[in-house]
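These notes are about the structure you will find just below.
All of the numbers you see were taken from the coordinates with simple rules; none came from a lab. Given the structure is predicted, the values throughout are model-derived calculations rather than measurements. Here the Cβ positions follow ideal geometry from the backbone for every residue, glycine too, while neighbour counts run over all protein chains shown.
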Amino acid sequence: MAVTPEQTDDGVAHTEAPGRGVAFEPDPRRTPFYRFARLLFGVVAGLLWRPKVIGRYNVPAEGPVLLAPVHRSFADFGFAAFVTDRKLFFMAKDSLWKSGPLGRLLITLGAFPVHRESADREALRHAEEVLRQGQVLVLFPEGMRQEGGEVGDLLEGAAFLAARTGARIVPIGIGGSDRSMPKGSKIPKPIKITVVVGEPIDPPERSEAGRVARSKVHTTTEALRTGIQAVYDQARREAGS
């Protein structure tokens, strides 16, 4: 995809974010290529990290679901593949779409671009489409990768999407990924990983008029933060972190 200058109100030409305007339609089919790619990742990740999964039964077998993992490593997105056999959809950083072939490959695998420097309405629309089709979306509520054992304030996107689609939110803790592939690392180390899946959190309640109060979204976000902290603490203990 070509990256072209975009004229803005200040009269200065800015570079358009890669991935903007990408055609994306959620495809619920687990195509042969998708199955092969997921199997290949599972084999490689299994040999490298020997992941142990606790609480896999907490992921609903049907209906819209938001998987909300803690985010300490570039490799974290892949561990969601071990918690459910359902097809997964992802938000991925838009810079990956600088390469047209890579961007098309990512869309085939269920990913779509998100511009992380500002509110990306296009990415939110794609996410909502995924959930309205009753699919599984992987979303990192912390936004970018963080460091340390404390889960800080979360972005409210997960609770907002849950409110609009009725999706349940599943907190996921990943222990050991920060030691295997810390921020800035290019090559992962073969360290045993533990993934802990928490109990699903219901979407914010709607009023009789069908609206969701901002306070309800905030309350759900705080419940999610508490849930992620609990499963992250357990995952770190299990992994010896």
Residue 217 neighbourhood, Cβ < 12 Å, K/R = +1, D/E = -1, net charge +2
Quick note, the range 50-239: a/c under 1.5 would make it rounded; otherwise a/b > b/c is prolate and the rest oblate (a ≥ b ≥ c, C-alpha gyration tensor); here it is oblate
Taking alpha-carbon centroids only, the range 194-235 lies from the range 46-83 a number of Å equal to 17 Å
Cross-link reach from residue 87 to lysines, straight Cα distance under 22 Å and at least 8 residues apart if same chain, gives 52
Going from the fewest other Cβ atoms within 10 Å to the most, one would list 48, 106, 88 as 48, 106, 88
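Structure shown: which of 93/186; 98/186; 192/216 lie over 28 Å apart, alpha-carbon to alpha-carbon? If you can, show how the numbers build up before the last one.
Values: 93/186 17 Å; 98/186 19 Å; 192/216 38 Å.
Where the Cα-Cα span goes over 28 Å, the pairs concerned are 192/216.
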In whole angstrom, the spacing between the Cα centers of the range 86-126 and the range 128-181 equals 15 Å
